[in-house]
Amino acid sequence: MPQPSQEQNESATQEPAPADTDDDSLRIFIVGDEIEPLTDAALEDVPPIVRRVRRKDEFIWLHLLDPEEETVRRARDVLGIHPTAVADVVSRRQQPKVQKFDEHLFVMLWNVLHTPDEALVLGETFLYIGDGWLLTVQRGNGGEPPDLPELLEEAPAHARVDTMPAAYTIMAEVVDGYASAAAAVESALEELEEQVFSESESEDHHRIYRIRKDIGRVDRAVSSIAAALHESTRHLETLTVGSERILPYLHDILDDAAGTAALINNQSKGLDAILSSYENNVAARQNQDMRTISAFAALLAVPTLIAGLYGMNFKNIPLVQWQYGWIVIGLTIVVLDLVIYGLFKRRRWL
């Protein structure tokens, strides 16, 4: 009987190669009346699931949190996403935008996030909205992004009836983040204004420039998405056919974004005014300090001048030969200094 070759023995002992599995950044849900996580599903299982859930008025949701580029590309291939839209995720730091493709709608947003040390950073949220499927991609960039599954779980039932309402719910959360950041900046500006004009507290210029940086980040995020949403309103309204009740929420998002953009613009102008006041305040204090130093220098100049004259050892200087002359000279120095002190005090140099 022929013996199996060495290659046949090795192939017999080897286990079948496992299928390509998704990384830990991927979570898949079926969204309807409830949000059902599919823990055992992989990207390759999504197309048949999409066809099945369409018949049940549900949709499939793929959520990626800080994914690898390869996972994003595989999601593109499975869902048929336009390559240009995926390139924005891979390249990063693209401007917020809303783009309509034949196969889907693409929305890119900047999140205003907090780092563990309470600094503000810009995270990224990408939404791909298709027929019966929704793909969301989040990048924290050092901050803590919002928990989108928890957000949709706690949202009203009408936010889960279709992909567009779910997308609007996520977009509203991002825009609310802008408003919260703007409110925090407003409180910081009020405290800073009181500090700048308070004589009992010294100004913190590091805090001024930190607030300036925060305002700049919020301004870039909200201004970009406000313009993008305004230009794409017609596309968004067209896609709400069948979910018309979401239209008021869409306009509310637009109004909130525009309002926050106007507020942050006013805050930027307010910070400029505070910064100008801070610089003027510093200059005024330095000027006052120079006056005070000059006044004390003048007070010290009187005894220095008189002591210098009487230290020249001239024989004919008045009061030198009199035994009480030093008392008269001392009293003269005191009187002159008091007169000079009164003049400076009257002019508020001291």
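For the reader, a short list of remarks on this structure follows.
- Residues within segment 318-345 that are touching a Gly at 6+ places or on another chain (Cβ under 9 Å) and surrounded by 12 or more Cβ atoms within 10 Å (Cβ to Cβ), tallied: 1
- Criterion: closer than 17 Å to residue 62 by Cβ and open to solvent by 10 Å² or more (accessible area, probe 1.4 Å) - qualifying residue of 176, 147, 219, 214: 147
- Any chance residue 183 is part of a helix (DSSP H, G or I), more than 23 Å from residue 56 (Cα to Cα), open to solvent by 40 Å² or more (accessible area, probe 1.4 Å) and without any contact (Cβ under 8 Å) to a residue 40 or more places away in the chain: yes
- When 319, 350, 343 are checked against the criterion of being part of a helix (DSSP H, G or I) and either without any contact (Cβ under 8 Å) to a residue 40 or more places away in the chain or within 60 Å of the chain's Cα centre (by Cα) (or both), 343 stands alone in meeting it.
- Segment 68-92, subset touching a residue at least 24 places away in the same chain (Cβ under 8 Å) and farther than 20 Å from residue 130 by Cα, residue most open to solvent (accessible area, probe 1.4 Å): 68
- Top-ranked residue of segment 150-163 - restricted to ones that are touching a helix residue (DSSP H, G or I) at 6+ places or on another chain (Cβ under 8 Å) and open to solvent by 10 Å² or more (accessible area, probe 1.4 Å), ranked as farthest from residue 110 (Cα to Cα): 158
- Scanning segment 118-165 for residues that are assigned to a strand (DSSP E or B), modelled with pLDDT of 85 or more and within 23 Å of the chain's Cα centre (by Cα) returns 121, 122, 123, 124, 125, 126, 127, 136, 137, 138, 139.
- Any chance residue 201 is outside any helix (DSSP H, G or I) and at pLDDT below 75: yes
- In segment 106-142, the residues that are crowded, with 21+ Cβ neighbours inside 10 Å, farther than 26 Å from residue 185 by Cβ and of a type in the set (Gly, Ala, Ser): none
The values are calculated or read from the model by the stated rules, or taken from the named source; none is laboratory data. Everything numeric here is computed off the predicted structure, so don't read it as measured data. A quick note on method: Cβ atoms are made from the backbone with ideal geometry, for glycine too, and the neighbour counts reach across all protein chains shown. For the accessible areas, the whole protein counts, side chains as well, though only heavy atoms, and no ligand, DNA or RNA atoms are used. Shrake-Rupley method; radii C 1.70, N 1.55, O 1.52, S 1.80 Å.
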